[in-house]
1. Among Ser114, Ser41, Ser142, which one moves the most in a GNM of the chain with springs linking Cα atoms closer than 10 Å?
2. How are the C-alpha pair distances of the range 93-151 spread across 5 Å bins, as whole percents from the shortest bin up?
3. For the pair Asn144 and Ala76, what calculated FRET efficiency results from E = 1/(1 + (r/R0)^6), where r is the Cβ-Cβ distance and R0 = 30 Å, to the nearest 0.05?
4. Using a Gaussian network model on the chain with a 10 Å cutoff between Cα atoms, which of Ala100, Ala128, Ala49 fluctuates the most?
5. Toward the positive end of the charge dipole of the chain, about the Cα centre and with charges on Cβ (Lys, Arg +1; Asp, Glu -1), which of Thr126, Ser142, Ser25 goes farthest?
6. Which label marks the calculated value of mean projected area of the Cα convex hull in nm², given the options (i) 16.0; (ii) 10.6; (iii) 22.4?
7. Just want the answer: with Cβ charges of +1 for Lys and Arg and -1 for Asp and Glu, which residue in Asn67, Leu40, Tyr152 is farthest toward the dipole's positive end in the chain?
8. Going by amide H atoms built from the backbone, whose H comes under 5 Å of the H on Ile43, apart from near neighbours?
Amino acid sequence: MALYNPITGTLYTSLSNGDGTFAYSEQTSAENAGYTFVGLSDITGDGDADLIVYNASNAQGFVGLSNGDGTFRFQALLWAAGYGAIALGGINGDGKNDVALYDSATGTLYTGLSNGNGSFSFTDQTAAEAVGYTFVGLGDCSGNGKADLILYNASPNAQSFIA
């Protein structure tokens, strides 16, 4: 379990003792203050959950690579500005989770395929038919082992868009 305080940049982790109890640790990174917690996801393929936080105002994200003991090594990433919706999932099915950022105003999806070291190779694509949709997330809707993009539009006729 992980708890993140965006005001202070403090991360509290709770490693399971295997008996229903947890061992707590605290790690503060002042440079991460003001960032939004995105999620825990294995982006390196080593079996440990890594941490991702993001600041939409300066388009900077931090990846915390897991040390395997409840602590993380943080490194900065620069992403495109203006993307408010972010999800993590295995887009290309290589065993390392990737990142997807979506801008509903333009219908642009910005995907970062994990390089396995905490960095990503980014590409973007725009789908005019997806403008105004709400980003739901990533999930394997087709059963092919690769995460699909799921968008939803409540008006006018409650439509979903899966890519």
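1. Ser142
2. Result, from short to long distances: 4, 18, 25, 23, 19, 8, 2 percent.
3. 0.35
4. Highest fluctuation among the options: Ala128.
5. The one lying farthest along the dipole's positive direction is Thr126.
6. Comparing each candidate, only (ii) matches the computed number.
7. Tyr152
8. Asp50, Asn97
Read the figures in this text as sums done on the coordinates, not as results from a lab. Here the structure is a predicted model, which is why all the values come from computation and not from measurement. Virtual Cβ from ideal backbone geometry, glycine too; neighbours counted across all protein chains shown.
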